[in-house]
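Since every read-out is calculated from the coordinates, none of them should be taken as a lab result. Being a predicted model, the structure only gives us computed values, none of them experimental. Ideal geometry is used to build each Cβ from the backbone, glycine not excepted, and the neighbour counts take in all protein chains shown.
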Amino acid sequence: MKLIIDAMSGDRAPGEIVRGAVMAAKTLDPSYEYILVGDEKTVQDELALAGGADPALRRISIVHADGILTMEDDPFDVVRKKKNSSMTVALRLLADEGGDALVSAGNTGALFTGATMIVRCVRGVRRAGIATVLPFERPLLLMDSGANVTVTPEYMEQFALMGSIYMEKLFSIPNPTVGLANNGTEEHKGTPVLVETHERLKNSEAISFIGNVEGKEIPFGKCDVLVADGFTGNVILKLIEGMGAFFMGRIKRMLLANFAAKLAALILKKDLKKMKNDFDTSAVGGSPFLGISKPVIKAHGSSDARAIMNACRQAAAYVAGNVNEEIVQRIDALRCASSPAEQPAEQPTE
């Protein structure tokens, strides 16, 4: 298996990205190969610092790219102005069968646009989406967490199906349950799109639908897959990230307030460390773009080496689980059941 890594994108690139690749080479399956895409000399220097003469580095190669696509660039620059960027070169390498999966910590909009326009969608998928595993005691996949602000009920139904397949394959959850993010549990609640989506999901034999899910229910294991439009999903994601940081900060200040509190902190140290780890996004690795014809994993922009290693682990599991093959089969079955007319996947336009 060959994993392509965009070495120049992300807040901590290229150092942490390269170190993450080295960590993956040393830790994951010894048959995996890694392709680092970026400025050749810069990447070579970072490899020397990260791994020295370790034999694992023999499985790491470099594909030169002399450009960098920044977080501030327009998403369409990935296919227009910065065709020599490490992200674009990595995407084209993936599309041309140069590797099995791609990991990048770069500009989310650009990566998603490039994945859709260069690598393309799975046959039958109307829109790909960003799937993010939320760090609760019971894993919850949020789909879509930011790619599609405007959606249709058909998109949402496909999000539900693709999210179910991902949780089934990578988390070994049989018949994952699906909830629809809404402002009430009643069937008539929400916008016309949400009401129609509820009807489609309720009547779908391919999805184990449990109904609408309110915001207050999200952390408590109500479902395995939470379906939302990209705007709502991104608000949910950012709120959960912010509240996690807020509460951890408050707890830390509280436990350092006085001697008695510090003593309590020592007693609770093990449990507090576990709680912190539960909210650690680096343990997950990244968010897959479900619906793209080859696995593309978006790592957090601030990813450290451990996060990149886990994103590589996630990418490898995606490939090994034959997730896309299952998506093709079940999307075909879903579309045949709902409509005999074959519709092409939609691609972003300028």
Among DSSP beta bridges whose residues both lie in the range 173-301, state the antiparallel percentage, nearest 5. 25
In the range 216-231, which residues have a backbone nitrogen under 18 Å from the label point lying 7 Å from F246's Cα in the Cα-to-Cβ direction? 216-220
Derived scalar couplings ³J(HN,Hα) [the range 219-224; Karplus, 6.51 cos²θ - 1.76 cosθ + 1.60; whole Hz; x for Gly, Pro]: x, 10, x, 5, 8, 9
Under the rule rounded for a/c under 1.5, else prolate if a/b exceeds b/c, else oblate, using alpha carbon gyration tensor axes a ≥ b ≥ c, the chain is classed as oblate
If I stretch the segment between M1 and D96 completely, what's the gain in nm (0.36 nm per residue apart, minus their alpha carbon distance), one decimal? 32.7 nm
Between N175 and F220, how many nm apart are label points set 7 Å from Cα along the C-beta direction? 2.4
Shape call for the range 211-342 from the C-alpha gyration tensor, a ≥ b ≥ c root eigenvalues: rounded (a/c under 1.5), prolate (a/b greater than b/c) or oblate? prolate
Amide H contacts under 5 Å for C121, restricted to residues at least 5 apart in sequence or on another chain and with H modeled in the peptide plane, are S293
Label-point separation (nm) for R123 and V149, each offset 7 Å from Cα along Cα-to-Cβ? 3.4
Distant-in-sequence amide H partners of I173 (H built 1.01 Å from N, under 5 Å): E168
Amide H contacts of N212 (H built 1.01 Å from N, under 5 Å, at least 5 apart or other chain): L180
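Hey, what number do you get for the chain at 222 nm if only DSSP H runs of n ≥ 4 count, each worth -39500 (n - 2.57), divided across all residues, to the nearest 500?
Numbers: 11 runs with 149 residues, N = 350.
Taken over the chain, the calculation gives -13500 deg cm²/dmol.
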27 Å Cα-Cα threshold exceeded, pairs from K169/K294; K41/K81; K26/K222: K26/K222
Here the gain from full extension of K81 to E186, 0.36 nm per residue of separation minus their alpha-carbon distance, amounts to 33.0 nm
With a 10 Å Cβ neighbour count serving as the proxy for reagent exposure, in which order, fewest first, do I331, I236, I267 appear? I267, I236, I331
Tally the DSSP beta bridges in the chain and give the antiparallel ones as a percent, rounded to 5. 25
If you stretched the chain out fully between N258 and F231, how much longer would it get, using 0.36 nm times the residue separation minus the C-alpha to C-alpha distance? 5.5 nm
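Defining a contact as two alpha carbons under 8 Å apart and six or more residues distant in sequence, what relative contact order in percent does the range 1-114 show? Each step should come with its number before you reach the end.
Values: 227 pairs, mean separation 40.3, N = 114.
For the range 1-114, the relative contact order is 35 percent.
With a/c under 1.5 counting as rounded, go ahead and sort the range 22-102 into rounded, prolate or oblate using the C-alpha gyration tensor (a ≥ b ≥ c being the square roots of the eigenvalues; past the cut-off, prolate if a/b is larger than b/c, else oblate).
Because a/c hits 1.5 or more and a/b exceeds b/c, the range 22-102 counts as prolate.
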